[in-house]
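What follows is calculated from the coordinates using simple rules that are stated; it is not laboratory data. Here the structure is a predicted model, which is why all the values come from computation and not from measurement. Backbone-built Cβ (ideal geometry, glycine too); neighbour counts: all protein chains shown.
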Amino acid sequence: MKIAVIGTGYVGLVSGVCFADFGHDIVCVDKDQRKIDMLERGDIPIFEPGLDELLARNTAAGRLTFTRDLPTAIAGAEAVFIAVGTPTRRGDGHADVSYVLAAAQEIARAATDYVVVVTKSTVPVGTNRKVAEVIKAANPNLDFDVASNPEFLREGAAIDDFMRPDRIIVGVQTDRAAAVMAAIYRPLFLRDFPIVRTDLESAEMIKYAANAFLATKVTFINEIASLCERTGADVKEVAKGIGYDGRIGNKFLHAGPGFGGSCFPKDTKALARIGQEHGVPMRIVETVIEVNEQIKRRMIEKLRDLCDDSFAGKTVAVLGATFKPNTDDMRESPALTIVPALLGGGATVRVTDPHGKAEGEALLPGVTWVANAYDAAEGADLLVLLTAWNEFRALDLTRLAGSMRTPLMADLRNIYSPDDVLKAGFKAYASIGRAQRSAS
Ligand SMILES: NC(=O)c1ccc[n+]([C@@H]2O[C@H](COP(=O)([O-])OP(=O)(O)OC[C@H]3O[C@@H](n4cnc5c(N)ncnc54)[C@H](O)[C@@H]3O)[C@@H](O)[C@H]2O)c1
């Protein structure tokens, strides 16, 4: 099948490359010339494990090309996927669907034959109908269908998630569109991955409900963690103990510094706005947003406590800047709240991150980027473990403590055991959902 994908971000590029790997003929479009130039050279504008190899294989096989020219890309395409951004709209918290509608208009102007216009971007309920209206207004004679096909991939594991999804959601209005979608996903259907055919509105709602549920689960354990710190319980033990309950499950029960990333913050805000607009306030989701903000602020208090109430004159080593490991994505990363607070309090900050520097340099002015955890810790007064990259999971704690001016550690991902950290020579260790420990 010939398919066009609009937007070569985390979702569009992974989708395009994976569809090509299914054997389809894919053209990826982006209006960002820099990204297209890189992709045409075989370079990848984002960091996503395994994507380079898959891209090279499918480009070499002639199934994958890149262009800025949307009309060329969609000529003869049976389906066009819209995978552009839907960021939070400034001021009101709504999802900004203007990029989606602009893409729909461009498709309408360029298309000549029957085409299924598939929205992969996360969009509020009713957007797919708006997409149809925009297309009809721009090209009244065009024969087309719309489909809603929200994406559930996780950055850092995107290829595996796309190739081995828990489910594929397909919202359609006609059998004809359903047949096109079934043909696109046939390789996954043949391997028994569930495909849920539903209506447009339900498909749109499924994506928001899924993300809001996961954000709630994370926030729940983060709030339990705060209570554990006051009561002497250990949140890791609590998470293990409740996670064995099949009704609860052990995923998304890792307490941390509050959720961030490109999806949960904006999608919870958008769902809250959708609820308010329909007179059905999403009170749980609204509370999750509020509690998450509190948790992020609490992290700064935790660090301040560890530093005798002042960051002034201290040197802080920050391990990890991206919102989670295995991505270069800095959107809504906890680092964007914590690092400015350290700098604002008068600290000197050194940051290390395996893939965060390119994005992070502009977002975190005033910090010094260093190559690794040991360079960051040299002469420092506090070490903050912010992102659970593998390379931070087995550090030589004795070496770190020995090289610091004041060996204090805040492990905001609960990677280490308090006993090990203190034994290695650290004076104090703070983590999440466990009482702060000091060397006796
Ligand atoms: N990132 C994730 O993990 C993830 C997961 C599931 C769903 N989503 C959803 O998928 C959508 C895309 O997210 P993303 O993270 O890939 O975004 P992104 O910001 O990384 O990429 C969007 C791309 O679209 C391009 N673009 C915008 N308008 C265009 C147009 N008219 N023509 C051509 N290109 C255009 C931009 O230049 C950019 O490269 C969002 O709605 C997001 O909520 C994201």
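Straight Cα distances below 18 angstrom link residue 266 to the lysines 120, 207, 217, 296, 324, with same-chain residues fewer than 8 positions distant left out. Placing a label point 7 Å from the Cα of residue 176 along the Cα-to-Cβ line, the residues of region 193-209 whose backbone N sits under 18 Å from it are 200.
Of the beta bridges DSSP finds with both residues in region 2-198, what % are antiparallel, to the nearest 5?
Beta bridges within region 2-198, antiparallel portion: roughly 10 percent.
Placing R0 at 51 angstrom, the Cβ-Cβ distance between residue 237 and residue 189 gives a FRET efficiency of 0.75 after rounding to 0.05.
Projected onto their three principal axes, the Cα atoms of region 199-440 cover extents of 60, 40, 30 Å, largest first. Taking the Cα atoms only, what angle lies between the long axis of helix 10-22 and the longest principal axis of the chain, rounded to 10 degrees? In the chain, helix 10-22 runs at an angle near 60 degrees to the longest axis. Taking Cα atoms only, the orientation of helix 98-110 departs from the longest principal axis of the chain by about 30 degrees. In region 1-129, Rg over Rh equals 0.97, where Rg is the alpha-carbon radius of gyration and Rh the Kirkwood radius from pairwise Cα distances.
Normalised by the number of residues in the chain, the average gap of Cα pairs under 8 Å and 6 or more apart makes the relative contact order 12 percent.
Under 11 Å from the 7 Å Cα→Cβ point of residue 113, by amide nitrogen: which residues of region 67-100? In region 67-100, the label zone of residue 113 (backbone N under 11 Å from the point 7 Å along Cα→Cβ) covers 75-79.
With the gyration tensor restricted to C-alpha atoms of the chain, the semi-axes of the equivalent ellipsoid amount to 43, 24, 19 Å, longest first.
Peptides 116-127, 285-296 ordered by packing proxy, namely the average of other Cβ atoms within 10 Å per residue, highest first: 116-127, 285-296.
How much length would be gained if the chain were fully extended between residue 312 and residue 372, taking 0.36 nm per residue of separation minus their Cα-Cα distance, in nm to one decimal?
Separation in residues times 0.36 nm, less the Cα-Cα distance, equals 19.2 nm.
Extension gain, residue 250 to residue 396: 0.36 nm times the residue separation minus the Cα-Cα distance gives 49.7 nm.
Here region 53-83 and region 133-174 have alpha carbon centers that stand 16 Å from each other. Computed over the chain with a Gaussian network model linking Cα atoms closer than 10 Å, the most mobile of 314, 236, 251 is 251. Secondary structure note: in the chain, about 10% of the DSSP beta bridges are antiparallel. Each part reduced to its alpha carbon centroid, region 230-248 and region 323-345 end up 27 Å apart.
Tilt of helix 283-306 relative to the longest C-alpha principal axis of the chain, in degrees (0 to 90, nearest 10)? That helix lies at roughly 30 degrees to the long axis.
When every Cα-Cα distance of region 1-49 is counted in 5 angstrom steps from zero, the calculated P(r) takes the values 5, 23, 33, 27, 11, 2 percent. When the helices of the chain are scored as -39500 (n - 2.57) per DSSP H run of n ≥ 4 and the total is divided over every residue, the value at 222 nm lands at -13500 deg cm²/dmol.
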